[in-house]
Amino acid sequence: MKLLRPVLLAVLLVLTFYLVTTRMGGPSGDPWVTRPAHVELTQAAGPANYDSEEQNNIAVYKKALPSVVNITSTAVTFDFFYGAVPQQGMGSGFVIDAEGHILTNFHVVEGARQVEVTHE
């Protein structure tokens with residue numbers, strides 16, 4: 001008998017939820033979801049006209065894009081019980097010369113035991 005009451009209550013709640021969400025309309029009696037009779041499709045606007053400063057920025061970004069790299073660094077931290085726990089961080093950088101030197105922020109590689117560099 002103790003098991004029957006919670007099961008009946010659960011069934012009653014599920015049935016009430018189902019009826020309220022599928023059978024009854026909204027506050028005014030209209031369905032909650034309406035489908036319009038006519039849908040008008042319009043064409044998207046053309047490309048924006050950029051001023052000279054924006055065009056200059058776009059040119060710089062396009063020129064620098066091939067030198068951008070992703071950097072994944074792995075450092076070791078210690079938990080409460082002094083157990084070593086690897087901790088990964090991610091950042092980006094730039095290849096600055098033909099020898100492959102990379103410029104990045106110090107916090108990206110600070111305390112890293114392993115650094116992985118990828119280029120897409």
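The values are calculated or read from the model by the stated rules, or taken from the named source; none is laboratory data. If you're wondering where the values come from, they're calculated on a predicted model, not measured in any experiment. So basically every Cβ, Gly included, is an ideal-geometry build from the backbone, and we count neighbours across all protein chains shown. These accessible areas exclude ligands, DNA and RNA; they are computed on the full protein's heavy atoms, side chains included. Shrake-Rupley method; radii C 1.70, N 1.55, O 1.52, S 1.80 Å.
Data table
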item	result
Degrees, to the nearest 10: 52-64 long Cα axis against longest axis of the chain	80
Y50-T77 pseudo-label distance in nm [points 7 Å out on the Cα-to-Cβ vector]	3.9
Probe 1.4 Å, all protein chains present, accessible-area order of L41, L19, largest first	L41, L19
Between 0 and 90°, nearest 10: helix 4-22 axis offset from the chain longest Cα axis	80
Beta bridges per DSSP with both ends in the chain, % antiparallel, nearest 5	100
Carbon plus sulfur fraction of accessible area for the chain, probe 1.4 Å, in percent	61
T21 accessible area, 1.4 Å probe, all protein chains in place, Å² to nearest 10	60
Summed residue charge, Cβ within 15 Å of V69's Cβ, Lys/Arg positive, Asp/Glu negative	-4
Accessible surface, the chain, averaged per residue in Å² (probe 1.4 Å)	93
Length gained when the stretch Y61-K2 is fully extended (0.36 nm per residue, less Cα-Cα span)	14.2 nm
Rounded if a/c under 1.5, otherwise prolate or oblate - the chain, Cα gyration tensor axes	oblate
Solvent exposure ordering (accessible area, 1.4 Å, most first) of H38, H101	H38, H101
Longest exposed-site-free window of the chain, the sites being chymotrypsin sites (Phe, Trp or Tyr not before Pro) in a DSSP loop that have at most 13 other C-beta atoms within 10 Å	83-120
Extreme residue, positive dipole direction of the chain, given options V11, H101, Y61 (C-beta unit charges)	V11
